[in-house]
Structure formats: structure tokens, C-alpha cells
Amino acid sequence: MTRSITYHANPLLASKTPVWRSKFIVAMLALAFAGLAGRAAYVQVVGKDFYQRQGEVRYARTLALPAKRGQILDRNGLMLASSVVAQSIWAIPEDVSRDDPKLRDLARLLEMPLSTLRQRLSNEDKTFVWIKRQVDQPVATKVAALGIKGIYQRPEYKRQYPEADAAAHVVGFTNVEDRGQEGIELAFQKRLAGRDGSRRVIKDRLGRVVEDVREVVPPVDGVDLQLSIDSKIQFFAYQKLREAISTHKARAGSVIVLDTQSGEVLALANYPSYNPNRRQNLSGEQLRNRILTDSFEPGSTMKPFVAALALEKGLVRPQSPISTAPGRMTIGGATIRDNRDHGVLTVNEVIQKSSNVGTVKLAMQMPARDLWETYAQAGFGQKPVVPFPGAVSGRLRPYKTWRPIEHATMSYGYGVSASLFQLAQAYTVFARDGELIPLTMVKTDEPVAGVRVFSRETAVSVRRMLHMATGEGGTATLAQTMGYSVGGKTGTARKQEGKGYADRKYRSFFVGLAPIESPRIVVAVMLDEPRNGHYYGGIVAAPVFSETVQHALRILGVQPDMDVKPQIVTAPVEESF
């Protein structure tokens, strides 16, 4: 039996549907398909490159293949800086469970607060974040043993400095990215760094390499660099400097040792120093390479240049008498004094006893221009030609601006400023028979040519004066060295403070050379603010010179030129300053 259907019984079915409604629905469907087609076209044609890059980011990586940084060696091939493999800890934050109890152990191993670790794991980048760079291998092994999901390790190069604080201001250090920040590491960054390579790979979500997708570009390792520094001389000079600073309760100090044959810097030590292997909480006082960055009035160490100029111009001879009585003189209303009335002194004795009055009388016989030119030829007022950043030029004002009193004070080291590096280099004029030689921090086996400042006869005469200064009746008897003849000049200068000079703050110097007849080395010593009763350069700085000279000459194989026996050393004469 067939049942008939009557549509008029259902009012919904009986109602007439407007034609526009069906057309509207069809139009919307067509529009939706058109939008999808347009979007597909945009993704596959217009925005193809962008979306391909976004896709590759999620599975393709370009891995840097770090170049091994070049080694820094001393002149004998001993290591001053080298690179070793160290593991760096990283994480995929979205894979690490924040409730994992092992995170506390990880924080302890990495020596960081747990809150800091959690903060790094909350990084916006959910696929990669550094936890700690370049950890020691024993720590890396313990971290791996924890087996925390989402925590991984990557090998990198870490710099090590075997000489630690003794050579810190020479070698400097690199940052965590292996870029030089101080010293030789910064000065020779391009040579030491080399060139990183690269490797394009596909990785899975756990950071594991699936396959290479491009030819590997191999890294080019950095070039090794051999310095002029002798690590044994460097260490000994640093130790003696540190002891002197402790004994005299000085604020700081520096020592520099030069080879007069090659112009090589054999040692460059400052204190306070720092350990470049552990650089937490460093201060500017520790980082500052005072030998190059600090300038000061060099005091009486300038007097030999005045005597040399007077000899060179034929105004005097070494035995020419100069009256220094009554131990003082007045120029332009200012009084210049010696520490006592020396009466009549020869030119030799003016340097031996460090007479201000005698030096001024020599200087005032010569035009200011001549004195200025001599200082400039010796390198004062000019930036040293060395690769270190921050080297200062000091100050040497134009001679046309000098007043008579400044003409006088310039002769004994007030009104001019220099670094200890400049002062040591200037004394190569006397060591090299009148020639100023260029200095280098890189090893060289070739003799170096200098620029003539004085004649050989003048330089030899001044060397004898410097030798007298370290002998009986001189200001630096404590500079005498067992087995070797020495010569040098003390300096004690009041420190500038505001527009004047401090009453009880001094810098103490000694600059000298040895052996005296054929000098092989120049050594300059400076102590800043000795505060234990003594402050004269002949008492504070000269002993550091003595011990450094003896050790350095023996290492260099220089034969003693005097009987090796205990010397009777008298108390030094107090110098005028």
C-alpha cells in the first residue's frame, strides 16, 4: 500500500523560498572558494620566499664552525694564551618541565640562583636559549649525568691564560664570543681570530642533525703570535713589584724591561692586576695598563737630557764647575731649592746628586726651543707606536708659551708629562750611544735601527753620570746589582691635586740601564703613593730595578762585568724635587 504525501500539511514546506536567498548562499560559497584560491596563490606565489624561510627555520639550521683562535706565545715558545674545548649548556625551553626537581641540582652545578635558571627557561624563544657558556669539563659531565629533558650541550672554545695575573696587562683577554677585549688579544684580534666556517643542516625537534643540505665551509684557524715578552723575566718583575708595593704600602706600581739591541719589550708588569681566567668583579684599577695609560710629571729623571743637551752644544764639559750655593735660586718670584747646599758641583755631580739648582743653571743657558726639541726627539709629547689601545701621548707644551719659571721647572721634570713607557724608551738614547730606538711587542731577531738624538760621545758621558748616581755619594746606591755595573736616575715627584700639588702624595721612579759600558737592557720602575715612611725613588724604586736587572741579565745570558761578591751599599743621598 502506497502512502501519499501532502505538502500543504507542513507550513514550512508549503511556504515559497525567495530566489535571492539561494543566490546569496551560492555567491557566499563562491566567494569563500575564491578567497581560498587567492590565499593559496598568495602563499604559493607571492609570499613563497617568506613562507619557505619560515618553514626552514623550524627544521633547517646553519651551524657555525668556530675557528680555533691562535695561540699567544712568549719569546721562548712558552704558552701565554691558548684555546681549549669547553661545553656550553643550552635548552629547548618548551621541552623542559618547570617542576623537574633536578633543576635545583642544575642551578647548583652552574653556580646560579634557581630563580635565574627559571627566568632563562621562560625566554620568549621556545626552541633555543643559552643557560651558561663555556663551563669546565667536570661540571659539564655532571650536568649530562642529570639527564634533564630539554637540556643539551654544545662544544665551544674557551681561552686559558697560564701566567694568570703576572702577564694579564700584556696578554689581555677575550669575551665569551672569543673576541679580544684587552691587551694583545684586542690589538691583534684579526690575526688571532681566524675565520669561522659553516654547515647547513636539517635538525629534528630535539636538536639532532638529520642530514647536511649544503657543502660544509671549513673554518680557518687563527695564526699563532709570538711576543717579545720573556715569561720568566715578566713573572720575576711582577713578583718584585708586588713585594715593593706591599712593603711601602703603595697604591700601585709598574715595571718595564726593554732589550736595547732589538727594541723588544721583555717585560711589562703592573700592580694591582687581575686573573684573566676569572674576571668576576673587576675594577678599573685592576684593568688599567698604567705603563701606557697613565701620564705623570717625571721629575728628576729628565735631568740627564738637560745635561746631554748642554754637552752636545759645547756649553760645558763633564768636569765643568757649576755653583749651586746657597742651595736655592729665585726665578720670577718662585724659589727653586736643592735638598741641601752642595756648593760647587761639576756637571757629573749635578746628575749624581740630582741638583735642581745646577740643572736649572744648565737649562737657562739654552733657548727654550732647544730644550723642547730635545724632549720631542726623545719621544716626549708623542703617542708611542705600539698596538695597545689607550696609549697616551703625554704633554709637552709648545716652547713659545713657556715663561722663565716654566723653562726652569721643565728641566727637572715639572710642567711636562709622560708615561712610563715613554720614559723607558727615551732612556734608550743613552743605552744606544745617542739613538732613540722603536719598540716592539712582537719577537724579532734583527737588530733595530734608531734615530740619532745625541752624539756617541755625549751619550757615553751621560752614561758615566748615571753610573755615578748609583755609586758612592749618589741618589741611587740601592740600585747596585751584584755582578753587573749599572747606571740610572732617580725621580720623586709630588702628585698634582687640583690646581696645585699634594703635600704628602708622591710618585717614585727609577730608570736605568745595564751593564754600563755596553747596555743590554733598560728598566723603568714607578711606585704610586708609597705611604710607609719612605718615598724617594732611590729608596722605593731602585731596589726593584736592582733585583730585576740581575735576574733579567742572567736569563739573557749576559756575562757579569764585575766581581760577583757582596757589595757595600751606603745609604743614598736624598734627591731634590
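The values are calculated or read from the model by the stated rules, or taken from the named source; none is laboratory data. Just so we're clear, the structure is a prediction, and the values are computed from it rather than from any experiment. Methodologically, a virtual Cβ is constructed for each residue, glycine included, from the backbone with ideal geometry; neighbour enumeration extends over all protein chains shown. The area values use the complete protein model at the heavy-atom level, side chains included, leaving out ligands, DNA and RNA. Shrake-Rupley method; radii C 1.70, N 1.55, O 1.52, S 1.80 Å.
If you check GLN550, GLN496, GLN480 for being under 16 Å from MET468 (Cβ atoms), open to solvent by 20 Å² or more (accessible area, probe 1.4 Å) and polar (S, T, N, Q), only one passes: GLN480. Within segment 104-130, if we keep just the residues that are of a type in the set (Val, Ile, Thr) and at pLDDT 85 or above, the residue that is surrounded by the fewest Cβ atoms within 10 Å (Cβ to Cβ) turns out to be THR116. Exactly one residue among ALA552, ALA524, ALA459, ALA479 is more than 24 Å from THR247 (Cα to Cα), in contact with a helix residue (DSSP H, G or I) (Cβ under 6 Å, 6 or more places away or on another chain) and aliphatic (A, V, I, L, M), and that residue is ALA459. The residues of segment 404-416 that are open to solvent by 10 Å² or more (accessible area, probe 1.4 Å), over 16 Å from THR490 (Cα atoms) and in contact (Cβ under 8 Å) with a residue 12 or more places away in the chain, listed by number, are PRO404, ILE405, HIS407, THR409, GLY415. Test VAL564 against the stated conditions and say whether it is touching a Ser or Thr at 6+ places or on another chain (Cβ under 9 Å), at pLDDT below 95 and open to solvent by 30 Å² or more (accessible area, probe 1.4 Å). The answer is no for VAL564. Restricting attention to segment 35-55, the residues being at pLDDT 75 or above and open to solvent by less than 70 Å² (accessible area, probe 1.4 Å) number 5. In segment 303-320, the residues that are under 23 Å from GLY512 (Cβ atoms) and without any contact (Cβ under 8 Å) to a residue 40 or more places away in the chain never reach a residue that is of a type in the set (A, V, I, L, M, F, W, C) and surrounded by fewer than 14 Cβ atoms within 10 Å (Cβ to Cβ) with C-beta atoms less than 7 angstrom apart, at least six apart or across chains. Every test in (1) of a type in the set (Ser, Thr, Tyr); (2) open to solvent by less than 20 Å² (accessible area, probe 1.4 Å); (3) without any contact (Cβ under 8 Å) to a residue 24 or more places away in the chain is passed by SER518 save one, and that test is (2). When SER576 is tested against (1) surrounded by fewer than 17 Cβ atoms within 10 Å (Cβ to Cβ); (2) modelled with pLDDT under 85; (3) part of a loop (DSSP other than H, G, I, E, B), just one condition goes unmet, and that condition is (1).
The condition (being more than 30 Å from PRO219 (Cβ to Cβ) and at pLDDT 80 or above) is satisfied by just one residue among ALA32, ALA81, ALA67: ALA32. Across segment 151-178, which residue is farthest from GLN239 (Cα to Cα) among those that are open to solvent by 40 Å² or more (accessible area, probe 1.4 Å), modelled with pLDDT under 90 and of a type outside the set (S, T, N, Q)? Among those that are open to solvent by 40 Å² or more (accessible area, probe 1.4 Å), modelled with pLDDT under 90 and of a type outside the set (S, T, N, Q), it is TYR152.
Highlighted here are the helices (runs of 4 or more DSSP H) found entirely within segment 366-473 that include at least 2 residues which are touching a strand residue (DSSP E or B) at 6+ places or on another chain (Cβ under 7 Å) and hydrophobic (A, V, I, L, M, F, W, C): 404-410, 420-426, 428-431, 456-469.
Can you tell me which of LYS353, LYS361 is buried (at least 23 other Cβ atoms within 10 Å of the Cβ) and of a type in the set (D, E, K, R)?
Values: LYS361 fails: buried (at least 23 other Cβ atoms within 10 Å of the Cβ).
Only one candidate qualifies: LYS353.
Count of segment 209-244 residues, restricted to those that are over 30 Å from SER262 (Cα atoms) and either open to solvent by less than 80 Å² (accessible area, probe 1.4 Å) or at pLDDT 90 or above (or both), is 7. Would you call ARG507 over 18 Å from VAL350 (Cα atoms), surrounded by fewer than 20 Cβ atoms within 10 Å (Cβ to Cβ), modelled with pLDDT under 95 and in contact with a strand residue (DSSP E or B) (Cβ under 9 Å, 6 or more places away or on another chain)? Against the criterion (over 18 Å from VAL350 (Cα atoms), surrounded by fewer than 20 Cβ atoms within 10 Å (Cβ to Cβ), modelled with pLDDT under 95 and in contact with a strand residue (DSSP E or B) (Cβ under 9 Å, 6 or more places away or on another chain)), ARG507 does not qualify. Of all residues in segment 88-129, exactly one satisfies the criterion of being farther than 15 Å from GLY147 by Cα and aromatic (Phe, Trp, Tyr), namely PHE128. Checking VAL129, VAL171 one by one, the residue that is in contact with a helix residue (DSSP H, G or I) (Cβ under 6 Å, 6 or more places away or on another chain), closer than 20 Å to PRO276 by Cα and not charged (D, E, K, R) is VAL171 and no other. Filtering segment 283-307 to residues that are charged (D, E, K, R), under 30 Å from ARG463 (Cβ atoms) and open to solvent by 10 Å² or more (accessible area, probe 1.4 Å) leaves ASP294, GLU297. For segment 105-158, a tally of residues being part of a helix (DSSP H, G or I), among the polar types (S, T, N, Q) and under 28 Å from SER83 (Cβ atoms) returns 3.
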